[in-house]
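Everything below concerns the one structure shown next.
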Amino acid sequence: MEEALEGGHTTPGVVKSGDSVRRPRGRRSVFAAKVLRELNARGYRWAPRYLGIDDQGRDVLSFVEGATTSHPSERDERSYAAVGRMLRELHELTRGSELAAGGECVVHGDPGPFNVVMRRGMPVALIDWDAAHAGDPLTDVGYAGWTWCIQAVGGVPVADQARRLSELVGGYGAALPPDTVLAAIERAQLHIVQVEQGNADDPGLSDTRRAHARAAVDWATNDHRVLEVNRNLFRQAL
């Protein structure tokens, strides 16, 4: 029996079947499958196992028990450093890989908390690899630093946001200057604003998709304002 999986950035049509997940294939599925196969073969512990294609033409992956999170109250404080380590391991493991041709390494492309399965407040798997590509590791660091640590909603004190950002970047373990990290976060936020504003203004998209785009613009804009107003505090924490 199949059970629809919902929440986070889940692709429509994704289902759980026994101890596996079935995902409709798209234009990025071939590359994502290659990435997962390589990561599985090289012992990357944070990725689900890629199990092939089923008789309906869907990708089959191992199911990872747990849930995604949206607020620090759902996480162990050690989780931020663990997310940093998870990304650094991915980037270091794929440097020099054929799949990283044209970039420094393979980046996940969307490593927000909505794509990280957690158990007992700690990350256990990085899922949804459709945005994976060869690129600059700072794109993952910036996007994760934003989506895990900086938020305008939820009543999280900015001092706590800054501390958690420091922990995530410390877990990543590279010598990244504070302004480099903050610039990467800002690029991620402004990229979402630019892309989703275009979608919000596109009359060819459905009302639901345009409403989602407007919400994304508000999300990124408001979080960017938190960064702008408190830039010195974030810089000092880093």
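Evaluated with a Cβ-only charge set (Lys, Arg +1; Asp, Glu -1), the chain carries a dipole of roughly 380 debye about its Cα centre, given to the nearest 20. Considering only Val30, Val117, Val217, the Gaussian network model of the chain with Cα springs below 10 Å gives its largest mean-square fluctuation to Val30.
Dividing the helix sum by the residues of the chain, where each DSSP H run of 4 or more adds -39500 (n - 2.57), gives a mean residue ellipticity at 222 nm of -15500 deg cm²/dmol.
Report the one residue of Pro24, Ala216, Leu168 whose Cα lies farthest in the direction of the positive end of the charge dipole of the chain (charges on C-beta: Lys and Arg +1, Asp and Glu -1; origin at the Cα centre). Farthest towards the positive end: Leu168.
Taking other C-beta atoms within 10 angstrom as a stand-in for reagent exposure, Trp219, Trp46 fall in the order Trp219, Trp46, fewest first. Under a model in which nothing but the beta-carbon of Lys, Arg (+1) and Asp, Glu (-1) is charged, the range 102-238 shows a dipole of about 480 debye around its Cα centre.
Here the Gaussian network model covers the chain, with springs between Cα atoms less than 10 Å apart; of Asn115, Asn40, Asn199, Asn199 fluctuates the most.
Taking the Kirkwood radius as Rh and the Cα radius of gyration as Rg, the range 49-116 has a ratio of Rg/Rh equal to 1.05.
For the range 2-62, the dipole from Cβ point charges (+1 on Lys and Arg, -1 on Asp and Glu) about the Cα centre works out to 400 debye, to the nearest 20. Taking the average, over residues, of other Cβ atoms within 10 Å as the packing measure, peptides 152-158, 167-173 rank 167-173, 152-158 from highest down. I'd like the orientation of helix 158-172 relative to the chain: the angle between its Cα long axis and the longest Cα principal axis, in ° from 0 to 90, rounded to 10. So the inclination is approximately 50 degrees. Across His212, His91, His71, mean-square fluctuation computed from a Gaussian network of the chain (C-alpha pairs under 10 Å connected) peaks at His212.
The C-alpha atoms of the chain define a longest principal axis, and helix 79-94 lies at about 60 degrees to it.
Computed from the coordinates by the stated procedures, all read-outs in this text should not be read as laboratory data. Here the structure is a predicted model, which means the values were calculated and not measured. As a convention, Cβ positions derive from the backbone with ideal geometry for all residues, glycine included, and neighbour counts pool all protein chains shown.
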